[in-house]
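Reviewing the structure listed below.
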Amino acid sequence: MKAVVYEGPRQVSVEDVPDARIERPTDVLIRVTTTNICGSDLHMYEGRTDFEKGRILGHENLGEVVEVGEAVDHVRVGDIVVVPFNISCGFCANCEKGLTAFCLTTNPEPGMAGAAYGFADMGPYPGGQAEFLRVPYGDFNCLVLPEDAKEKQTDYVMLADIWPTGWHATQLACVQAGESVVIYGAGPVGLMAAYSATLKSAAKVMIVDRHPDRLAKAEEIGAIPIDDSKVSPVDQVMELTNGLGADRGCECVGYQAHDPEGHEHPNMTLNNLVKSVKFTGTMGVVGVFVPSDPGSPDDLYKQGEIAFDYGMFWFKGQTIGNGQCNVKNYNRALCSLIHEGKAKPSWVVSHELNLDDAPTGYEHFDHRDFGWTKVVMHPGKLN
Ligand SMILES: NC(=O)c1ccc[n+]([C@@H]2O[C@H](COP(=O)([O-])OP(=O)(O)OC[C@H]3O[C@@H](n4cnc5c(N)ncnc54)[C@H](O)[C@@H]3O)[C@@H](O)[C@H]2O)c1
Ligand SMILES: [Zn+2]
Ligand SMILES: [Zn+2]
């Protein structure tokens, strides 16, 4: 099969690799028809993780079931399914509590919890930017889509990661109807957090970035764009909230946060959140941070440490929640919103490419080139 393979920093290629196949009786094999490039892929693409050369990328996957293992009861050949980026077992102590991003059995590395497709430090699993994908514990991990799956596949594929993750940011931040929210980052995840906050009837959604195309996307759904290359985002949020700060805050950037000139400051968005969220406010951090980052220009962060404004955070009595999204907590409900016509997350999609165009897609998305908001690839077609 053809697959997108990591070759080294800023290098991916489309290569022939051995076909994905059923390996255990609980596996499901899908023919991938829709697979996205994610901001998380870019941390790997840029060589800022220990993702091994030769591995297949891709954790946002949708496709048609072509084979099921003999212990699979529910999922059937021909079903169209979307697959959470988390690989989880369903029976461990964390999965039982819905914490599927921290599954205790699917990551073979001792002392680690949580697994994902084509992801650094999250188990050996190949990604789905390929013609076929093996889905472990297929009954648990496949969400079977309704009959409009084909027409709405670019909506449904957002259920693999970025919409649940944006929703998770607002859940961790405890966003309630009528409240004000500030979101750092207007990439696909930040846009989905803004979309989620809006669906939850937040009264005021403010979003910070410096890319005019991404800010314009946010404006389309009624969010207030804040361009931090022109104004101080903290001052701006204070002004928009009568000097109090936002009720809630979401971090959708991660450890490669940088200033508008491009210099990285891994603590930048976290400290801006502390400053621009109100006393007793809550925040959700879904942007990725890692235990060590040898390539960081920040000496502390090389060891995964952050100069966090803890004094002010404590003084303000704020609360923070963070981590990978437990996609299965949300994907069925969000699927219904798409099916019933209440939501259209494909609004973030800017480009639909063939798998062969992956190197171009990566390059443009990595540069945050104008208009390259979210890239969807189609290794195959739905019949
Ligand atoms: N927790 C999870 O489960 C989960 C899931 C998916 C993605 N992520 C992470 O979410 C983050 C965002 O992903 P994405 O797909 O939107 O990626 P992205 O890289 O396209 O978007 C990040 C955006 O943040 C902006 N930005 C950079 N520094 C900033 C700053 N100081 N202030 C404000 N904005 C700033 C960039 O201009 C960019 O538009 C990544 O770290 C990704 O790995 C986490
Ligand atoms: Zn992703
Ligand atoms: Zn588990």
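Derivation of every value follows stated rules applied to the coordinates shown; laboratory data play no part. Quick caveat: nothing in here was measured; it's all calculated off a predicted structure. Positions of Cβ are backbone-derived with ideal geometry, glycine not excepted, and every protein chain shown enters the neighbour counts.
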So who's got an amide H within less than 5 Å of the one on residue 249, skipping anything under 5 residues away but keeping other chains? H placed 1.01 Å off N, in plane.
182, 282, 283, 284
Out of 257, 186, 169, any idea which swings most in a Gaussian network model of the chain, alpha carbons joined below 10 Å?
257
How big is the dipole moment of the chain about its Cα centre under a simple scheme where the beta carbon of each Lys and Arg is +1, that of each Asp and Glu is -1, and everything else is neutral? Debye, nearest 20, please.
960
Of the cross-linked pairs 152/374; 278/316; 217/344; 230/316; 200/342; 200/316, which ones have a Cα-Cα span greater than 19 Å in the structure shown?
230/316; 200/316
Apply the a/c threshold of 1.5 to the C-alpha gyration tensor of the range 295-359 and tell me whether it is rounded, prolate or oblate.
oblate
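Within the chain, what's the longest stretch lacking trypsin sites (Lys or Arg not before Pro) that sit in DSSP loops with no more than 15 other Cβ atoms inside 10 Å? Numbers along the way, then the final one.
Details: sites that count: 10, 21, 53, 76, 97, 150, 230, 342, 381.
Counting only loop sites that pass the neighbour cut-off, the longest clear stretch is 231-341.
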Candidates 249, 178, 190; GNM for the chain (alpha-carbon contacts under 10 Å) flags as most fluctuating 178
Largest-first semi-axes in Å of the equivalent ellipsoid built from the Cα gyration tensor of the range 163-322 are 23, 17, 15
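Would you mind getting me the FRET efficiency between residue 148 and residue 315? Use the beta-carbon distance for r and R0 = 45 Å, nearest 0.05.
Result of the calculation: an efficiency of 0.35.
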Net charge contributed by nearby residues that have their C-beta within less than 10 Å of residue 121 (K/R +1, D/E -1)
-2
Once fully extended, how much extra length lies between residue 71 and residue 50, figured as 0.36 nm per residue of separation less the alpha-carbon to alpha-carbon distance?
4.1 nm
Estimated FRET transfer efficiency (residue 97, residue 230; beta-carbon r; R0 41 Å; 0.05)
0.40
Please give, to one decimal in nm, the separation of the simple spin-label points placed at residue 244 and residue 24, each 7 Å out from Cα toward the Cβ.
5.0
Where in the range 11-29 does the label zone of residue 363 land, with the point 7 angstrom along Cα→C-beta and an amide N cut-off under 19 Å?
11-15
Quick one: Karplus J couplings for the range 85-92, per residue in order, coefficients 6.51, -1.76, 1.60, θ = phi - 60°, nearest Hz, x for Gly and Pro?
5, 6, 9, 9, 8, x, 10, 7
Students often forget the sequence filter, so: which lysines lie under 16 Å Cα-Cα from residue 97 once same-chain residues fewer than 8 apart are removed?
328
When Lys and Arg each count +1 and Asp and Glu each count -1, what net charge do the other residues less than 13 Å away from residue 199, Cβ to Cβ, add up to?
+2
Can you tell me the relative contact order of the chain? Whole percent, Cα pairs under 8 Å, sequence separation 6 or more.
18
Using the Karplus curve 6.51 cos²θ - 1.76 cosθ + 1.60 with θ = phi - 60°, work out ³J(HN,Hα) for each residue of the range 72-81 in order, rounded to whole Hz, and write x for Gly and Pro.
8, 9, 9, 6, 10, 4, x, 4, 9, 10
In a Gaussian network model over the chain where Cα atoms closer than 10 Å are linked, find which of 128, 243, 90 has the largest mean-square fluctuation.
243
For the chain, compute Rh as the Kirkwood radius over C-alpha pairs and then the Stokes-Einstein diffusion coefficient at 20 °C and 1.002 mPa s; write the answer in µm²/s, rounded to an integer.
103
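Report the net charge of residues surrounding residue 264, where surrounding means a beta-carbon distance below 13 angstrom and charges are Lys +1, Arg +1, Asp -1, Glu -1. It would help to have the intermediate numbers written out before the result.
On the way: positive: 48, 302; negative: 46, 259, 261, 293, 298, 299.
With Lys, Arg at +1 and Asp, Glu at -1, the net is -4.
Given the range 172-266, what percent of its DSSP beta bridges are antiparallel, to the nearest 5?
Close to 5 percent.
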